[in-house]
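Working notes, structure below.
The values are calculated or read from the model by the stated rules, or taken from the named source; none is laboratory data. Note that this is a predicted model, so its numbers are computed, not measured. Ideal geometry is used to build each Cβ from the backbone, glycine not excepted, and the neighbour counts take in all protein chains shown.
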Amino acid sequence: MRLPAAIEINEHDLKVVLARSFAKQQVSDCIVQRIEGLTDAQISKAIADIFRKEKIKPKPLLVCIPRSLVTIRNLYLPSHDEAEIQQMLQLHISRIVPYQKEEVVYDYALLGVDAMNSTELILAIAHRDILKKHMNIVQGADLYIDTMSLSSCAVWERVMFAQKAETNISELYLILDADVSSTDFIICSHDHLLFTRGMTLDIEKCVRENQIMRLTGEVRQSLALFHSEETRKNPSKIFLSGAPAIQQLEQVFKQEFEIPVQYVPGRVPAGATDYTSLTAVSEMALAKNTKRITFTLPELQISKTLRDRTKDITVLGSLAIYFFAILLLFFLGMSQREQAYLQRLSQHNAAIHDSIGSMLDQYHRTELIKECLAHRKVGMILLRELIDLLPDKIAITYLAIDGSGIMTLRGQSMQLSDVFTFISSLENSKYFKDASTKYTRTKKVADREVAEFEVTLHPETPA
């Protein structure tokens with residue numbers, strides 16, 4: 001079964017959220033496992049075991065990159081052209097992180113234009129090795145990543161969606177998403193994530209050992225950093241999310257910051273501690289969003305392209321095989337129908353032959369007799385025509401028809417003119433054609449001159 005799924009891997013926990021579908025917006029299951037001290041191969045096996053047990057092949061599979069693993073800065077750039085912005089970002093990245101540009105992967109989100117007509121954006125930079133580690137762990141479980149996105153974006157989406165009725169488009173809000181060893185500090189509006197900072201704090205110690213002042217101090221410091229980079233007003237409300245234990249600090253934040261504070265409940269499965277946040281990973285599994293900051297490894301993009309092309313080729317090949325199979329079945333069916341029809345005709349013919357066998361033999365004999373009589377009749381008709389055309393003064397001395405059907409006539413006449421008249425009559429007859437004179441000559445017989453002739457012609461079979 002293919003369902004959306006999201007994975008988050010940090011130094012303490014492996015989090016897996018399975019959704020019924022993007023459309024239903026319902027979580028099917030949540031799994032949290034401690035992975036401290038495990039190797040990458042062991043984590044891969046744990047992921048594979050989870051999906052094997054659930055009998056799910058995730059599609060799509062989204063990976064949540066924790067805020068603590070990403071460097072984020074707010075920038076103002078004096079350009080609105082995308083190509084120029086990309087060039088400026090290359091220069092800023094080399095100043096922000098101590099890595100070569102080939103060692104990092106970055107993405108950014110546009111926030112608008114400030115009073116100086118500069119483009120405001122939030123830039124996120126992740127080291128390539130961190131992303132490759134996530135990719136290798138997931139691929140080690142025989143799974144393939146569709147998207148890797150920043151956790152802060154998903155937290156912002158989740159809280160704003162859950163508190164849609166409680167937010168105003170013109171106000172700013174502070175979100176504190178608490179996890180086992182870190183808390184994500186987020187300043188946002190209804191439409192944009194404006195600022196985020198990772199605070200390294202053990203939420204369990206803050207709650208159990210009464211280190212709340214350290215947490216509030218970190219929040220005040222983060223607010224000061226926000227105002228040093230952004231000339232914006234203060235947040236109008238604080239939303240607490242993530243680990244359920246942070247709900248215990250709701251009254252403390254109200255007293256410290258003197259603004260409304262509201263806890264946004266998350267989805268915590270049985271077995272997960274009160275100090276684990278599933279806000280980001282659950283939101284990624286539940287909803288698609290093109291505004292998220294995503295990190296695209298070239299290796300991951302190539303692998304995805306190859307999988308898509310392989311899938312297309314497989315589908316095309318399957319369709320071609322199906323088409324040829326249908327054609328083959330069609331022609332085989334036609335051939336079988338023709339053979340069956342021929343067999344039925346043969347059987348019918350045999351039945352007819354059995355029923356009228358003697359009559360058929362008698363018919364063949366009758367036809368043979370008729371054919372013989374017809375040939376004899378032809379000869380009689382031709383002879384009759386020849387007698388009618390023959391003048392009284394001409395005597396036929398020889399008449400023969402050879403195997404090719406050519407008739408030869410020889411005869412005598414007292415005058416040559418009678419011979420020519422006879423030949424003309426033969427040419428005009430409907431029973432003879434191609435009359436040709438072989439010779440005409442005269443000779444003396446008993447002191448008289450006699451004309452001899454020979455004529456060949458083709459007899460026509462009478463209709």
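Given the conditions (1) assigned to a strand (DSSP E or B); (2) crowded, with 19+ Cβ neighbours inside 10 Å, report the number of the one that ALA109 does not fulfil. The failed condition is (2). For region 150-195, taking the residues that are surrounded by fewer than 24 Cβ atoms within 10 Å (Cβ to Cβ) and of a type in the set (D, E, K, R), the one that is nearest to ILE125 (Cα to Cα) is identified as GLU157. Within region 54-77, being at pLDDT 90 or above and either assigned to a helix (DSSP H, G or I) or more than 30 Å from LYS15 (Cβ to Cβ) (or both) holds for ARG67, SER68, LEU69, LEU75, TYR76, LEU77. Residue pairs whose Cβ atoms lie under 9 Å apart, separated by 6 or more positions or on different chains, with the first residue in region 204-225 and more than 17 Å from SER181 (Cβ to Cβ) and the second of a type in the set (Val, Ile, Thr) and surrounded by fewer than 16 Cβ atoms within 10 Å (Cβ to Cβ), are THR216/VAL252. Taken over region 1-52, the criterion of being among the hydroxyl-bearing types (Ser, Thr, Tyr) and either modelled with pLDDT of 90 or more or assigned to a loop (DSSP other than H, G, I, E, B) (or both) is satisfied by SER21, THR39, SER44. State which residue pairs qualify: first residue assigned by TED's automatic domain parsing to the domain that holds PRO244 and surrounded by fewer than 23 Cβ atoms within 10 Å (Cβ to Cβ) and inside region 273-292, second residue at pLDDT below 85 and assigned to a loop (DSSP other than H, G, I, E, B) in any location, beta carbons under 6 Å apart, and separation of 6 or more residues or different chains. Every condition considered, the pairs that remain are LYS288/PHE22. Looking across GLU171, GLU204, one residue alone is over 17 Å from ILE259 (Cα atoms) and either at pLDDT 90 or above or more than 46 Å from the chain's Cα centre (by Cα) (or both). It is GLU204. Pairs please, first residue from region 434-451 and more than 12 Å from MET414 (Cα to Cα), second anywhere and not in a strand (DSSP E or B) and not hydrophobic (A, V, I, L, M, F, W, C), Cβ atoms under 8 Å, 6+ apart in sequence or on different chains. Listed by first residue and then by second, the contacts come to ALA435/GLU427.
Condition (residue is in contact (Cβ under 8 Å) with a residue 12 or more places away in the chain, within 19 Å of LYS288 (Cα to Cα) and touching a Leu at 6+ places or on another chain (Cβ under 6 Å)) applied to region 155-166: is it met by at least one residue? Yes: one or more hits.
Only one of these is assigned to a helix (DSSP H, G or I) and either touching a Pro at 6+ places or on another chain (Cβ under 7 Å) or at pLDDT 85 or above (or both): LEU319, LEU306. Name it. So that I can check it myself, show each step before the final result.
Details: LEU306 fails: either touching a Pro at 6+ places or on another chain (Cβ under 7 Å) or at pLDDT 85 or above (or both).
Every option except LEU319 fails the conditions.
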